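Structure, as structure tokens:
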Amino acid sequence: QHKDAYQAILDGVKGGAKEKRLAAQFIPKFFKHFPELADSAINAQLDLCEDEDVSIRRQAIKELPQFATGDNLPRVADILTQLLQSDDSAEFNLVNNALLSIFKMDAKGTLGGLFSQILQGEDIVRERAIKFLSTKLKTLPEEVMTKEVEEFILTESKKVLEDVTGEEFVLFMKILSGLKSLQTVSGRQQLVELVAEQADLEQTFNPADPDCVDRLLQCTRQAVPLFSKNVHSTKFVTYFCEHVLPNLGSLTTPVEGLDIQLEVLKLLAEMSSFCGDMEKLESNLKKLFDKLLEYMPLPPEEAENGENAGNEEPKLQFSYVECLLYSFHQLGRKLPDFLTAKLNAEKLKDFKIRLQYFARGLQVYIRQLRLALQGKTGEALKTEENKIKVVALKITNNINVLIKDLFHIPPSYKSTVTLSWKPVQKADASQKRASEDTTSSSPPKKASAGPKRDARQIYNPPSGKYSSNLGSFSYGKSG
């Protein structure tokens, strides 16, 4: 019997500031009693959400969750998602809180509104809706994030992933890898397949196209944390060996200052530990072997007086060699007679000479580095120069261990090393990581802001004393 009174409240949105403030409070308060006026009520409240007066807007937004009943909830979620474009921080926070509150009423309905705007909304709304999902989903309790809700997120995310930017892809991998149902072996396998689709590993690789290269690296970075003893990296390792390694010297990148060749070799090294059975193993080992030879020079020829015939010693690029040797060592375990049975005697002899020459240079630098770091602890090790020397020592020690394995007759593949840029793990922790069925698969922080990774050190031994301008943990052609 109070329909006329409620209509008068709805008409209040056309009044002055005081009438609008009252309407913003009373429209939601009595909404449930007038289902036949539901559309008019929501539209009236929406008008108040777009009012010029910020205090009226805030009041109207704060009350929006009261409209989220039954069939109205997806519509309210859609409206709130659009309101994420607000540049007023208080208003933006109110929208976030309102979305979270209706999430707890009906997660699927709320997600329907969010994904509707992600797929069809304006760019700013899409961007903020994706960021909302990437930051807020992990804060929701288990009773909200049911298996059914997680399946809905995966289904809708696949639709979005058909057309995403690099940054959006990274955020969606963060969203999906945080879902409990995808932290099992089969879940991680699903994610790897999603990344492989995104990387488009069936396409022809174009090393001269920076976008093509960047896309592959972006996707591979997302895949690396998902690989384990049970979730294999074979498809990615195969693609890198067959398409990327042969074109290593001609790779281009849109990221300024990035040593793209070292970046590729690092990713290959990290993936090689979890490679399964490979169809063209011998062929791909050969490609790795040939690339390794490029970075392991022959000793300079000696003149008749015993001095070098050339003007200078070849440059030893330890960072590249560590990655290539490690990858070769990991894949070599699957074909242990590659060096002895698959290479002719001349080629094997050439390889041993290169190894021996490299190992000699290695010993000199290891001694120099140990001497330079001897007795240094705490703050002294935190100077940029000493940080570089510490990493250089890790690199050279790793290469030393791997070379010793390959000098065995037949070659041994028993040693284990931790790649120089990875944190050292206790043995039991690393074994657990390799065998466990559930694992945290959050992408590394490196990829969180687009294609540029955290800077890493490249170590090339300087001639003479250690130079302080080697660069502070940065990529660079000069090393």
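Do we have SER101 as touching a residue at least 24 places away in the same chain (Cβ under 8 Å) and either under 21 Å from ILE124 (Cβ atoms) or in contact with a Pro (Cβ under 6 Å, 6 or more places away or on another chain) (or both) here? When the stated conditions are applied, SER101 passes them. Of the numbered criteria (1) without any contact (Cβ under 8 Å) to a residue 40 or more places away in the chain; (2) under 41 Å from the mean Cα position of the chain (by Cα); (3) closer than 20 Å to LEU114 by Cα, the one ASN43 fails is (2). Scan the stretch 1-52 for residues that are charged (D, E, K, R), assigned to a loop (DSSP other than H, G, I, E, B) and loosely packed, with under 13 Cβ neighbours inside 10 Å and the total you get is 2. When the stretch 131-156 is filtered for residues that are without any contact (Cβ under 8 Å) to a residue 24 or more places away in the chain and either surrounded by 19 or more Cβ atoms within 10 Å (Cβ to Cβ) or farther than 21 Å from ASN96 by Cα (or both), only THR155 remains.
Across the stretch 358-377, not a single residue is classified as open to solvent by 70 Å² or more (accessible area, probe 1.4 Å), part of a loop (DSSP other than H, G, I, E, B), of a type outside the set (S, T, N, Q) and touching a residue at least 24 places away in the same chain (Cβ under 8 Å).
Could you check GLN189 against (1) under 17 Å from the mean Cα position of the chain (by Cα); (2) more than 21 Å from GLU156 (Cβ to Cβ); (3) assigned to a helix (DSSP H, G or I); (4) not hydroxyl-bearing (Ser, Thr, Tyr) and say which number it fails? Checking GLN189 against (1) under 17 Å from the mean Cα position of the chain (by Cα); (2) more than 21 Å from GLU156 (Cβ to Cβ); (3) assigned to a helix (DSSP H, G or I); (4) not hydroxyl-bearing (Ser, Thr, Tyr), the one that fails is (2). Taking the criterion of being in contact with a Phe, Trp or Tyr (Cβ under 6 Å, 6 or more places away or on another chain) and either among the aromatic types (Phe, Trp, Tyr) or open to solvent by 30 Å² or more (accessible area, probe 1.4 Å) (or both), no residue of the stretch 385-427 qualifies.
Residues of the stretch 325-359 that are among the hydrophobic types (A, V, I, L, M, F, W, C) and more than 34 Å from the chain's Cα centre (by Cα): LEU339, ALA341, LEU343, ALA345, LEU348, PHE351, ILE353, LEU355, ALA359.
The values are calculated or read from the model by the stated rules, or taken from the named source; none is laboratory data. This is a predicted model, so every value here is computed, not measured. Cβ atoms come from the backbone with ideal geometry, glycine included; neighbour counts cover every protein chain shown. What goes into the accessible areas is simple: the full protein's heavy atoms, side chains included, and nothing from ligands, DNA or RNA. Shrake-Rupley method; radii C 1.70, N 1.55, O 1.52, S 1.80 Å.
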